[in-house]
1. Order of His245, His118 from fewest to most other C-beta atoms within 10 Å?
2. Under a plain spin-label model, where a point goes 7 Å from the Cα along Cα-to-Cβ, how far apart in nm are Val128 and Thr248?
3. Skipping prolines and chain starts, which residues have an amide H placed within reach, meaning under 5 Å, of the one on Asp125, given they are 5 or more residues away or on another chain?
4. Just to verify a number: FRET efficiency for Ser227 and Ala2, C-beta to C-beta distance, R0 = 60 Å, to 0.05?
5. By how many nm would the segment from Gln204 to Glu605 grow when fully extended, if each residue of separation counts as 0.36 nm and the alpha-carbon distance is taken off?
6. Treat each spin label as a single point 7 Å out from the Cα along the C-beta direction, and report the Arg271 to Asp534 distance in nm.
7. Tell me, what is the FRET efficiency for Glu581 and Asp218 to the nearest 0.05, using R0 = 25 angstrom and their Cβ-Cβ distance as r?
8. Where in the stretch 155-264 are there trypsin sites (Lys or Arg not before Pro) that are in a DSSP coil and have at most 13 other Cβ atoms within 10 angstrom of their Cβ?
Amino acid sequence: MAVRRLDPVLIDRIAAGEVIERPAAAVKELVENALDAGATTIEVVIEAGGRRLIRVSDDGTGMTREDLSLAVERHATSKLPTGDLFAIATLGFRGEALPSIGAVARLSITTRHPDEPHGWEIVVDGGVKHEPRPAAAVRGTRVEVTDLFAATPARLKFLKTDRAEAQAVAEAVKRLAMAHPDVRFVLAGDNLSPLDLPAEGDDQEALLRRITRLIGPDFAPNALPVSASREGIDLEGFIGLPTYHRGTAAQIHTTVNGRPVRDKLILGAIRAAYMDFLPRDRHPALALAISCDPRVVDVNVHPAKTEVRFRDGGLVRGLVVGALKEALTRAGHRVTTTGGLRTLEAARPAFALPSAAPTPGALASPTPRLRAPADGAWRDWQAPLSGLDEPRQSTLDGIAVPSADARAGVDEPDADALAQPLGAARAQVHENYIIAQTQDGIVIVDQHAAHERLVYERLKRERAATGITRQMLLIPEIVELDPVEADRLLAHAETLEALGLVIEGFGSGAVAVREVPAALAGGAIKPLVRDVADALAEWGDARALEERLDHVLATMACHGSVRSGRRLRPEEMNALLREMEATPHSGQCNHGRPTYVELKLADIERLFGRR
């Protein structure tokens with residue numbers, strides 16, 4: 001078959017397949033053009049998910065007649081003034097977006113430059129370019145794309161529903177809005193909620209306001225500022241507390257020189273920073289902006305410009321991990337403010353009992369009344385409550401079988417303890433939860449989860465400093481395992497010894513534990529050894545184990561912490577509270593669950609109608 005040169009229109013349609021995958025990609029390209037033009041207000045309108053209409057209007061510099069005519073030609077751009085591909089300081093640079101869109105749809109551009117007496121309009125229909133003509137227009141540019149992919153019907157079959165495409169457009173606009181808080185963004189159209197984000201400014205507080213508008217009002221009180229620099233690379237932004245997590249990674253927003261990206265290196269660094277604090281299936285909420293010399297980052301890696309490549313990826317990863325860990329450490333024992341709100345929401349149905357339907361001729365009582373069983377079987381009777389996620393105790397169970405140990409509340413709490421963030425211990429209920437009184441509310445602490453984190457942090461400090469302190473067992477603990485698991489443990493005995501766990505062979509399929517970390521003295525040894533064996537089976541080799549030493553320490557801490565069901569004396573409870581206040585990351589356990597929730601007195605009073 002002979003080699004032939006492709007038709008220019010066909011070339012544009014092939015390019016469109018790389019750049020314009022769906023309506024959201026077209027919107028992204030057009031909004032980036034508006035930002036590069038210096039717009040302070042950008043309005044986006046779509047119909048049928050962007051398939052029928054995309055309109056992007058801005059108040060930027062606009063274009064002259066000559067620029068407008070060139071803008072729809074392939075490989076024509078105003079964003080490479082020097083032609084240096086290693087110094088790209090704009091968002092768009094490929095010079096393919098407008099001709100690609102025009103090749104697969106009907107493209108109309110109306111623009112006016114400040115130096116022009118009037119505006120100009122040009123139309124590109126299915127790759128056929130018309131000459132510019134005068135048009136009435138204000139300063140700026142308006143781009144309309146109608147019947148997207150009309151010239152390539154096969155592409156239409158791969159589009160999702162109008163609602164799904166509209167949501168993708170909204171997500172693209174939100175990510176660009178997150179990167180540019182100094183610009184006003186307006187989004188309207190069917191199948192989506194209208195969006196109007198005012199210009200906030202260009203400082204850190206402005207960024208926080210923009211993030212809060214997009215992620216939700218709960219973000220600001222649960223956000224930690226991040227600011228770090230290293231070798232010419234700057235990192236700014238806000239990250240959510242570990243207990244303020246989400247089910248997907250949709251609320252992870254990262255930008256590089258103002259360009260929203262979903263870069264694997266940056267996402268991996270974020271996951272590494274949160275590794276100790278989040279459950280495996282949860283994700284943080286944050287917004288980070290990386291600024292650097294354009295020459296140290298290649299933005300021409302992906303046609304959709306969603307990935308970048310840094311000259312020194314290790315430097316960037318280290319900067320992100322270090323800055324995020326430092327911010328999380330600075331947060332101390334803080335937990336999300338929404339924990340107490342969720343507790344109140346779970347408790348609120350208990351204070352709104354439904355009243356029975358009135359019988360004919362009877363007056364409805366203004367206050368709902370509870371009827372006890374005729375035989376007085378209080379223990380087996382439950383009030384008709386609804387809305388709680390977990391099985392609840394009988395409403396009057398506490399009358400028949402008290403389950404709270406209130407010994408800590410006999411004496412008046414110490415004034416100094418009340419002034420502490422976690423207050424003074426007043427009681428232990430269900431032999432697992434510590435009730436503490438603060439100056440303006442109460443705190444409920446999960447004693448096992450809290451102590452688990454404290455032991456874990458202590459082990460990490462010891463390992464980083466002088467090595468984990470070990471305690472020899474008076475009588476070695478013999479742990480029987482599968483022969484393969486026992487051999488695997490013995491193969492990593494040297495690594496485990498560095499973590500304070502000293503083992504040796506004890507015949508076929510068994511190991512003898514001779515020393516354990518001092519912080520775990522008195523803990524359950526056999527379950528600990530079995531869990532470590534399971535971890536080794538999952539990771540495979542010693543190198544993988546070295547990379548996951550903290551996870552092994554977390555496993556050890558879980559088995560060495562105060563167990564649920566253990567009664568604590570008042571002084572032990574207060575000591576636990578004081579250590580939590582002094583230990584970073586104590587707001588969540590090793591599995592990412594909160595260690596305590598705080599209820600303000602004002603919120604509790606609302607439950608009882610006092611406010």
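Coordinate-derived values only; no laboratory data. Since the model is a prediction, treat every value here as computed from it, not as a measurement. Cβ placement follows ideal geometry from the backbone for every residue including glycine, while neighbour counts extend to all protein chains displayed.
1. The most exposed by this proxy come first: His118, His245.
2. Distance between label points: 4.1 nm.
3. Amide H neighbours of Asp125: Leu107, His130.
4. 0.45
5. Answer, rounded to one decimal: 140.7 nm.
6. 2.2 nm
7. Numbers: r = 24 Å, r/R0 = 0.94.
Given R0 = 25 Å and the Cβ-Cβ separation, E is 0.60.
8. Of the trypsin sites (Lys or Arg not before Pro), the ones in loops of the stretch 155-264 whose Cβ has at most 13 other Cβ atoms within 10 Å are Lys157, Lys160.
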